[in-house]
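Let me begin by presenting the structure, written as structure tokens, before commenting on it.
The values are calculated or read from the model by the stated rules, or taken from the named source; none is laboratory data. This structure is a prediction, so every number in the text was calculated from the model and none was measured. Note that each Cβ is placed from the backbone with ideal geometry, even for glycine, and that neighbours are counted across all protein chains shown. Surface areas here come from the heavy atoms of the whole protein model, side chains and all, with no ligands, DNA or RNA. Shrake-Rupley method; radii C 1.70, N 1.55, O 1.52, S 1.80 Å.
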Amino acid sequence: MRFLASLFFRSEIQRAEDSEITDSFWEEVMVFILASSESDALDKAKEIGRSKSGVTYPSERGQITWKFVTVERVVPLENDMCSHADEVFSRFLRSSEAISILEKFD
């Protein structure tokens with residue numbers, strides 16, 4: 001079976017001048033999962049998240065490290081063959097969430 005999983009990561013930025021670690025922003029990552037059940041898909045999604053956790057790179061704000069936080073949801077896909085314009089994922093948002101998501105980063 002196919003599933004779509006939503007993984008949440010949080011960035012930690014360490015500024016060189018004071019070594020302070022701050023949370024800067026979050027990333028939601030959607031991944032396709034092949035699994036025999038929803039619980040198997042959840043386990044695989046967590047494994048993917050953990051494998052991507054700890055990625056670090058320099059930026060103008062400081063050293064950024066991405067930490068895996070959670071699998072927000074796992075959604076079974078209704079059919080094994082997707083066609084053009086098939087809806088894969090949708091969710092309802094509060095106005096404040098939509099505004100935040102649409103806000104551009106500096």
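Count, please, the residues in region 55-75 that happen to be open to solvent by 40 Å² or more (accessible area, probe 1.4 Å) and either of a type in the set (S, T, N, Q) or modelled with pLDDT under 90 (or both).
Here the count works out to 9.
Can you tell me how many residues in region 14-28 are open to solvent by 70 Å² or more (accessible area, probe 1.4 Å) and within 14 Å of the chain's Cα centre (by Cα)?
Number satisfying all stated conditions: 2.
Among the residues of region 81-102, are any surrounded by 10 or more Cβ atoms within 10 Å (Cβ to Cβ) and assigned to a strand (DSSP E or B)?
No, that holds for no residue.
Applying the selection to region 29-50, what residues are open to solvent by 60 Å² or more (accessible area, probe 1.4 Å) and assigned to a strand (DSSP E or B)?
Met30, Phe32, Leu34
Which of the numbered conditions does Ser11 fail, given that it passes all the others? Conditions: (1) modelled with pLDDT of 90 or more; (2) in contact with a Phe, Trp or Tyr (Cβ under 6 Å, 6 or more places away or on another chain); (3) buried (at least 16 other Cβ atoms within 10 Å of the Cβ).
(1)
Quick one: what pairs do we get from region 29-41, first residue without any contact (Cβ under 8 Å) to a residue 12 or more places away in the chain, second outside any strand (DSSP E or B), C-beta under 9 Å, 6+ apart or different chains?
Listed by first residue and then by second, the contacts come to Asp40/Met1.
In region 42-66, how many are of a type in the set (A, V, I, L, M, F, W, C) and either touching a helix residue (DSSP H, G or I) at 6+ places or on another chain (Cβ under 6 Å) or without any contact (Cβ under 8 Å) to a residue 24 or more places away in the chain (or both)?
1
I'd like to verify a number: residues in region 32-78 that are among the acidic types (Asp, Glu) and within 11 Å of the chain's Cα centre (by Cα), how many? Talk me through it step by step, then tell me what you get.
Applying the first criterion (among the acidic types (Asp, Glu)) to region 32-78 yields 38, 40, 43, 47, 60, 72, 78.
Now narrow it down to the ones that are within 11 Å of the chain's Cα centre (by Cα): 72.
Qualifying residue count for the region: 1.
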